[in-house]
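The values are calculated or read from the model by the stated rules, or taken from the named source; none is laboratory data. All values reported here derive from a predicted model rather than from experimental measurement. All Cβ positions, even for glycine, are placed from backbone atoms using ideal geometry, and neighbour counts span all protein chains on display.
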Amino acid sequence: MKKIVLLLMFFALIVGHNAYAQKRTVTGVVTSADDKAPLPGVSVTVKGLNEGAVTKADGSFSIVIRNGKYLVFSFVGFESQEVEIDGIKQFQISLKPSKNNALNEVQIVGSRNANRTKLNSPVAVDVIDVKPLLESAPQVSVTQILQYISPSFHSVNGSNAGDAGSALSLAQLRGLGPDQVLVLVNGKRRHKSSNVNYGGLGNGSTGYDLNAIPTGAIDRIEILRDGAAAQYGSDAIAGVINIVLKKKTDDFAVNTSGSVRRRGDGAVTRSSANYGVGIGNNGGYVNVTTEYATQAISLPAGRKDAGLYNGPIYGGGANTRGYDAIYTKDIDDAILASRGIDRHFFDQRASGSNAGQDALLFFNAGLPLKNSTELYAFGGISSRNSQFTATYRLPGWTSRNNNFIYPDGFLPAMENNIVDESIAVGIRGKVGDWNVDFSNVYGKNIFGNRVDNSLNASLGLKSPTSFDAGSYNASQNTTALDFTRYFDKVLKGLNVAFGAQHRVEGFQIIAGEEASYSKADQRTIVDIDTTAGGIPYLSNAGVTSLNGLSAGSQIHLGFRPENAVNVSRSVTAGYADVELNVTKQWLVSGAGRAEYFSDFGNVFTWKAATRYSFARWLSIRGSANTGFRAPDLAQSYYTSVSTTFQQGRGVDILTASNQSAAARALGIPKLSPEKSKGYTLGLTSAPGSNVELTVDAYLINIDNRVGNTGNFTATDTNLPTDVKNLFQQTGAAQANFFYNEFSTRTKGIEFTGSYKLLLDRGNINFLFGGNFEKNEVTKVNTPKGLEKYKNVILSPGERARVTTNIPAQKVNLQGIYSLDKFTFLARTVYFGKVTTATLLSASDPLNPVYFYQNLKPIWVTDLSVGYKFTSRIQGTAGVNNVFNVLGDYTDPSIAGLRNPTVVGIQNGSAGIQPFIKLSAHL
């Protein structure tokens, strides 16, 4: 609470001054020149000054001015208008639709009406201007910018996941999974990452790699906080994120930033350059952005001894919880001293961020043709490298180390080389009275896996230390034809949209080199049997491991040839979307969508929404929808083996293909689509000049969600033969499967608000928002015959991931104060409590033992000060997490043989982190 009081005092100091310059109030109403309807959301600014206002629901505005000669009125879809003030106190402004309005140049996600705004939308939409955040906020990546500005958005640093998943920071809305949110770029469906997240939030899901899009290329981000599968298709259960790229020309914008943690680790740099060139005399443009970023490895968060290893190192007891009677701590310490190292040599290197480099290139282009037609294209390519270092393999771990190769053990590293490609091309214009948009969007994500500083213990001295563990990729090609038309003579206006899409999705796994997956100590077992005539013969009775040495490359086994797949599916869809203004006060909308999946069959979804304005300052809105999410090809066909540590012991865990014979033998069926029903009820208000408020309650029921089961164990003698063979073949000790295993209910309430305070000198933009939600599991789908495995089908750990591992409460408070050449930012974010579930023992496969830890709520506060050296160059310095709030440490009972470290799943914070930024427009 003390921190909040200090933050409020900061705001009081910067707004407490009062200049007595002469001022006057100017009012007016802005309407559409076509139908004379009021236009809410129109920007009204004094030309050349920071002063401004936004029109309310009835189109009215009020602005206080001290000087200035002209007012500028601008609104998406309409031509800007500039008028001279000249002593006028009351204005009547009519804005004409833009000549390019037929091209749907700009639209708010969630509506295909080009004139819709976030405040008069029947569903909740956030519109986030990226520019001031790039200049003043500590965060630099797309996901972290949204994490600290959007109350319903959640994403933490990827290292809270495991292995390849640590390279990504997946996006979540309203506490639902990363694969239940849809991402668009310029209103077009974007392709997903090919990686299946393992071990972290959103376990078993695929998601969108938003950080493959350079922040310097983004004009704004629109977040639709409502189910929209009927409008946009699969995945849009929790909502839609639309990233709108820049179109600006004749402005060379450069942004560079750097930050470092207090201990000198985890340094982050990001630099971007954006430039747009005009083409022709009719508004053509090409806007190009390049961006380069680096991320240094971070030490475990918390005290200097966080993560310090305290257990056995060189002795045969290193696989146990404590020292044995022969090999003592004194002996270990003596060996360490003789080798000139200490226990910090065995620290984990990555607990908050991976080491990495990003190189990104994006473009956005449009070329007007004849007859109000435009040819457009956008896309880009990115190359990202991320290094994840796992738990140190100690020299005493005889089953996982070879002391002749690594006398002091080794720290294996997984190098993920991620290439992301996308290109969209389309043409839009008028055909009769209809706006027509024909487009094709292609995207591909390639995930390469290389394991370094490792070994295959079963190969002995013949083992290499670096491995090509294979790769996988996912592609998507979407062809769409969309029609829209506005009928101004139908009641108070009718907008009709319909269209068709054809999408082809592909997924491929490429096997790694043999040493990355082989188990060299396996030998064939033979039995002596006899024929019916009594003649003895040798029969194959399977295989066995001679010495129990770990197979494959440590940290992540390579993909076996039998894991390799190259699969695809096609999706054909048709939709219709209508919005009708029944009266000036009452809007109703509806959408329906039919999709056919070549591997799942038909799916139909619908959506209905309405908004009613009771007064100038108050509107109520609500919606109901059905939705679906088709399981990704990766979830159906992905197979891998990776290592996790359970109470200090390394365990190789197999994620088995849903298509495998083992899955069928267990009674696990093939995956089917998730289906949802969602409801919202809310209100919007513009109670005063420059004030906006929204409050929305929501309920989302999802049936048959896809996830990873808990782990079946190799020691369970009751498992079917196909499952036992799978364990024997891979050398894994535990295995899990993808399955439509559970259903959930999510309910909550969220609010947003903004207030622009115009002062005699400068202005302040206040933003605030909050989300309070509850996720619960309503049903577990236990396959017939596996009733006694109900705690394995949905493990307590997985149940916690979908119910309590994301903060159920989140509140954002932010203010940006502009005064002459200075810009001050103050922001604090409240992350509510979470509860984790950590596996303690799987010795009883039917009743695994978990430890639950409650993590207290935290406030994370950022401060920054920017200064304009010139009108085009600004420098900013500040601190992320200025009060060094770390959150809770892992409980000692589950920390194993290492000192407790900070659990960062609430916000991924690693403590106080100073930063500097430089922005220039040349």
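Considering segment 562-624, the qualifying strands (runs of 3 or more DSSP E), each wholly inside and each with 3 or more residues that are among the hydroxyl-bearing types (Ser, Thr, Tyr), run over 565-581, 601-615. If the requirement is being assigned to a loop (DSSP other than H, G, I, E, B) and aliphatic (A, V, I, L, M), which of these qualifies: Ile381, Ile341? Answer to the selection: Ile341.
Out of (1) in the same structural domain as Ala480 (by TED's automatic domain parsing); (2) touching a residue at least 12 places away in the same chain (Cβ under 8 Å), the odd one out for Phe404 is which? Result: Phe404 fails condition (1) only.
Any residue in segment 291-305 that is over 30 Å from Ile912 (Cα atoms) and among the charged types (D, E, K, R)?
no
Does at least one position in segment 454-464 carry a residue that is of a type in the set (A, V, I, L, M, F, W, C) and part of a strand (DSSP E or B)? Within segment 454-464, not a single residue is of a type in the set (A, V, I, L, M, F, W, C) and part of a strand (DSSP E or B). Consider segment 685-715. How many of its residues are under 16 Å from Asp652 (Cβ atoms) and surrounded by fewer than 23 Cβ atoms within 10 Å (Cβ to Cβ)? Residues that pass the stated criteria total 3.
Condition check ((1) modelled with pLDDT under 95; (2) within 18 Å of the chain's Cα centre (by Cα)) across all residues:
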position	(1), (2)
Asn211	yes, yes
Ile221	yes, yes
Lys247	yes, no
Ser272	no, no
Val288	no, no
Ala301	yes, no
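Tell me, please, whether a residue that is surrounded by fewer than 18 Cβ atoms within 10 Å (Cβ to Cβ) and at pLDDT below 85 can be found in segment 873-881. Scanning segment 873-881, I find no residue that is surrounded by fewer than 18 Cβ atoms within 10 Å (Cβ to Cβ) and at pLDDT below 85, so the answer is no.
If Lys489 meets every condition in (1) assigned to a strand (DSSP E or B); (2) free of Cβ contacts under 8 Å to residues at least 24 places away in the same chain apart from one, which number is that one? Among (1) assigned to a strand (DSSP E or B); (2) free of Cβ contacts under 8 Å to residues at least 24 places away in the same chain, the lone unmet condition for Lys489 is (1). The residue of segment 793-850 that is farthest from Val902 (Cα to Cα), among those that are free of Cβ contacts under 8 Å to residues at least 12 places away in the same chain and not β-branched (Val, Ile, Thr), is Asp844.
Consider segment 817-853 and keep the residues that are under 24 Å from Pro807 (Cα atoms) and among the small types (Gly, Ala, Ser). The one that is nearest to the chain's Cα centre (by Cα) is Gly832.
Scanning segment 610-627 for residues that are surrounded by 24 or more Cβ atoms within 10 Å (Cβ to Cβ) and closer than 30 Å to Pro669 by Cα returns Asn625, Gly627. The conditions of being exposed (fewer than 14 other Cβ atoms within 10 Å of the Cβ), at pLDDT below 60, more than 30 Å from Val885 (Cα to Cα) and not acidic (Asp, Glu) are met by Gly322. Of the listed requirements (1) β-branched (Val, Ile, Thr); (2) part of a loop (DSSP other than H, G, I, E, B); (3) farther than 30 Å from Tyr314 by Cβ, Val436 misses just one: (2).
Here is the figure for segment 262-284: residues that are closer than 21 Å to Ala355 by Cβ, loosely packed, with under 15 Cβ neighbours inside 10 Å and of a type in the set (Gly, Ala, Ser) total 1.
When Asn740 is tested against (1) in contact (Cβ under 8 Å) with a residue 24 or more places away in the chain; (2) within 30 Å of Lys675 (Cα to Cα); (3) not in a strand (DSSP E or B), only condition (3) is not met.
With respect to the conditions (1) surrounded by fewer than 20 Cβ atoms within 10 Å (Cβ to Cβ); (2) at pLDDT below 85; (3) assigned by TED's automatic domain parsing to the domain that holds Ile418, Tyr327 falls short on a single one, namely (3).
Counting the residues of segment 882-914 that are of a type in the set (Phe, Trp, Tyr) and crowded, with 21+ Cβ neighbours inside 10 Å gives 0. Taken together, the residues in segment 391-425 that are among the hydrophobic types (A, V, I, L, M, F, W, C) and part of a loop (DSSP other than H, G, I, E, B) amount to 5.
Close contacts from segment 296-314, counting a first residue that is buried (at least 22 other Cβ atoms within 10 Å of the Cβ) and a second that is acidic (Asp, Glu), with Cβ to Cβ under 8 Å and a gap of 6+ residues or different chains, come to Ser298/Asp265; Leu299/Asp265; Leu299/Asp347; Pro300/Asp347; Gly307/Asp347; Pro312/Asp324; Pro312/Asp332; Ile313/Asp332. One residue alone among Ile510, Ile423 is in contact (Cβ under 8 Å) with a residue 24 or more places away in the chain, surrounded by fewer than 17 Cβ atoms within 10 Å (Cβ to Cβ) and among the β-branched types (Val, Ile, Thr), and that residue is Ile423.
The conditions of being within 30 Å of Asn718 (Cβ to Cβ), in the same structural domain as Leu786 (by TED's automatic domain parsing), within 28 Å of the chain's Cα centre (by Cα) and not small (Gly, Ala, Ser) are met by Arg799. Taking the criterion of being buried (at least 16 other Cβ atoms within 10 Å of the Cβ), part of a loop (DSSP other than H, G, I, E, B), touching a Pro at 6+ places or on another chain (Cβ under 6 Å) and not basic (Lys, Arg), would at least one residue in segment 543-561 satisfy it? Among the residues of segment 543-561, at least one is buried (at least 16 other Cβ atoms within 10 Å of the Cβ), part of a loop (DSSP other than H, G, I, E, B), touching a Pro at 6+ places or on another chain (Cβ under 6 Å) and not basic (Lys, Arg), which makes the answer yes.
Within the option set Val431, Val490, being assigned by TED's automatic domain parsing to the domain that holds Phe507, modelled with pLDDT under 95 and closer than 18 Å to Tyr376 by Cα holds for one residue only, Val431.
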